[in-house]
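Below is one structure, written out as structure tokens; the observations come after it.
The values are calculated or read from the model by the stated rules, or taken from the named source; none is laboratory data. What you are looking at is a predicted structure, and each value in this text was computed from that prediction instead of being measured. Because the Cβ atoms are built from the backbone with ideal geometry, glycine has one as well, and the counts that use them run over all protein chains shown.
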Amino acid sequence: MRLGAVVGLTGVVLYGFYGLAAANYEKRPEVIAYVDELVAEHGFERAALLSLFADVEKKQAILDAISRPAEKVKPWYEYREIFVTPTRIEQGIEFWREHAEVLARAEAEFGVPAYIIVAIIGVETRYGRNTGSYRVVDALSTLGFDYPPRASFFRKELTQFLLLAREEGRDPLTLTGSYAGAMGYGQFIPSSYRAYAIDFDGDGKRDIWSNTSDAIGSVANYFKRHGWRTDGPVVVAADPLDNRVDAIANDALALNHTVGKIRGMGVSMPAYGDDEPAMLLKLDGAQGPEYWVGLQNFYVITRYNRSPMYALAVHQLGEAIAGVMTPALAQQAR
């Protein structure tokens, strides 16, 4: 183990212990070839990159986590119990109260309701309580060079990460996230950070790790850019007259049906335009099957995490929080 100093990718002198869980990335041919690509395509300094990779640690815990056989998929009623809990609702109310002004500004600017922003942050990181403790460069390097099934994807995200660190003037060795390289309050992967993270408090930085204003604004911007419709419905409960609709339930995570088609198959639901694109969900509820019709804004939530149960949990958590906060805010406005 040795302590050394190098000039980092952002021009900052970096100090750190070298040799901890050493993977010798800087000596591996595939890493050297990758470094050469970054130099040629993005103008990085070769010596700085090699110095960085000399300090990158391979994390076996990450490989274990991503390679672990998938657990049995939980039914909806069990999945819901993970996220829509009294504690998470109370913490969401606290988060909303603490950041009410910023949330109101984000809602006004992007048209995304505060309850959705709060719920996303609540589901992702318990309102910033659990943002991940792995160094992002370790996570993405481990998966990019030592996890063949998805190496290409994670190597691309590593490139995005190094670019964002340079753009933001951040030391890539200090930024932390999940085992898959997701970062900050909203768990943005690097490509999402570069595309959708914003400086929402005007301090010249896009900080989704410790700046709640930037985190809130970035989540709102993500939803707006993915097609959120202001004041549009998200998802509605449906009551089928028979099982004819089972033929199209859960057939795709896409708006590949219309409200009219679903209603025409014997489904009772609130009145929306027959031409409105929609999807039909059939989920295992605690009291039996539950049917839901997801609309445009529901689909947008699934762009954040491609799971209909995730989207429904976000919506229901947000509704529970809004049930307390919306009347309180209305009362304050009087």
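Restricting attention to the stretch 223-258 and to residues that are part of a loop (DSSP other than H, G, I, E, B) and of a type in the set (Asp, Glu), the residue that is nearest to Gly111 (Cα to Cα) turns out to be Asp231.
Go over the candidates Tyr179, Tyr115 one by one and state the one that is part of a loop (DSSP other than H, G, I, E, B), touching a residue at least 24 places away in the same chain (Cβ under 8 Å) and under 17 Å from the mean Cα position of the chain (by Cα). Step through it out loud before you land on a result.
Details: Tyr115 fails: part of a loop (DSSP other than H, G, I, E, B).
Within the list Tyr179, Tyr115, the selection yields Tyr179.
Here is a yes/no grid of residues against (1) in a helix (DSSP H, G or I); (2) without any contact (Cβ under 8 Å) to a residue 60 or more places away in the chain; (3) more than 24 Å from Pro308 (Cβ to Cβ):
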| site | (1), (2), (3) |
| --- | --- |
| Val39 | yes, yes, yes |
| Ala47 | yes, yes, yes |
| Ser51 | yes, yes, yes |
| Ala61 | yes, no, yes |
| Glu78 | yes, yes, no |
| Arg88 | yes, no, no |
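Considering each of Arg129, Arg80, Arg150 in turn, give the residue that is surrounded by fewer than 19 Cβ atoms within 10 Å (Cβ to Cβ), closer than 30 Å to Arg229 by Cα and not hydrophobic (A, V, I, L, M, F, W, C). Just one listed residue meets the conditions, Arg129.
Taking the listed residues Leu255, Leu317, the one that is under 22 Å from Ala119 (Cβ atoms), of a type outside the set (Val, Ile, Thr) and in contact with a Lys or Arg (Cβ under 7 Å, 6 or more places away or on another chain) is Leu317, with no other qualifying. Would you say Val102 is assigned to a helix (DSSP H, G or I), under 30 Å from Asp231 (Cβ atoms) and either of a type in the set (Val, Ile, Thr) or at pLDDT 95 or above (or both)? Here the answer is yes, as Val102 does meet what is asked.
None of Thr159, Thr212 is under 30 Å from Gln296 (Cα atoms), surrounded by fewer than 22 Cβ atoms within 10 Å (Cβ to Cβ) and either among the β-branched types (Val, Ile, Thr) or touching a Lys or Arg at 6+ places or on another chain (Cβ under 7 Å) (or both) except Thr212. When the test is whether a residue is surrounded by fewer than 21 Cβ atoms within 10 Å (Cβ to Cβ), out of contact with any Asp or Glu (no Cβ under 6 Å at 6 or more places or on another chain), farther than 30 Å from Val324 by Cβ and not β-branched (Val, Ile, Thr), Glu94 does not pass it.
Residue pairs whose Cβ atoms lie under 6 Å apart, sitting 6 or more positions apart in sequence or on different chains, and linking a residue in the stretch 131-153 that is over 15 Å from Tyr34 (Cα atoms) to a partner that is charged (D, E, K, R) and in a loop (DSSP other than H, G, I, E, B), are Asp138/Lys59.
The set of residues in the stretch 290-305 being under 18 Å from Trp76 (Cβ atoms) and either in contact with a strand residue (DSSP E or B) (Cβ under 6 Å, 6 or more places away or on another chain) or modelled with pLDDT under 95 (or both) consists of Glu290, Tyr291, Trp292, Val293, Gly294, Phe298.
Filter the stretch 289-309 for residues that are outside any strand (DSSP E or B) and under 12 Å from Val236 (Cα atoms) and give the result.
In the first step, residues of the stretch 289-309 are kept if they are outside any strand (DSSP E or B); the result is 295-309.
Scanning the stretch 289-309 gives Leu295, Gln296, Asn297, Phe298.
Can you name every residue in the stretch 63-76 that is assigned to a helix (DSSP H, G or I) and not aromatic (Phe, Trp, Tyr)? Within the stretch 63-76, Leu63, Asp64, Ala65, Ile66, Ser67 meet the criteria.
If you go through the stretch 257-272, how many residues are within 31 Å of the chain's Cα centre (by Cα) and either modelled with pLDDT under 95 or aliphatic (A, V, I, L, M) (or both)? Even if it seems obvious, please write down each step before you answer.
Step one: filter the stretch 257-272 for residues within 31 Å of the chain's Cα centre (by Cα), giving 257-259, 262, 269-270, 272.
Narrowing further to those that are either modelled with pLDDT under 95 or aliphatic (A, V, I, L, M) (or both): 259, 262, 269-270, 272.
Matching residues across the stretch 257-272 total 5.
Considering each residue of the stretch 259-288, count those that are in a strand (DSSP E or B) and either in contact with a helix residue (DSSP H, G or I) (Cβ under 9 Å, 6 or more places away or on another chain) or buried (at least 18 other Cβ atoms within 10 Å of the Cβ) (or both), and give that number. Looking only at that region, the number is 10.
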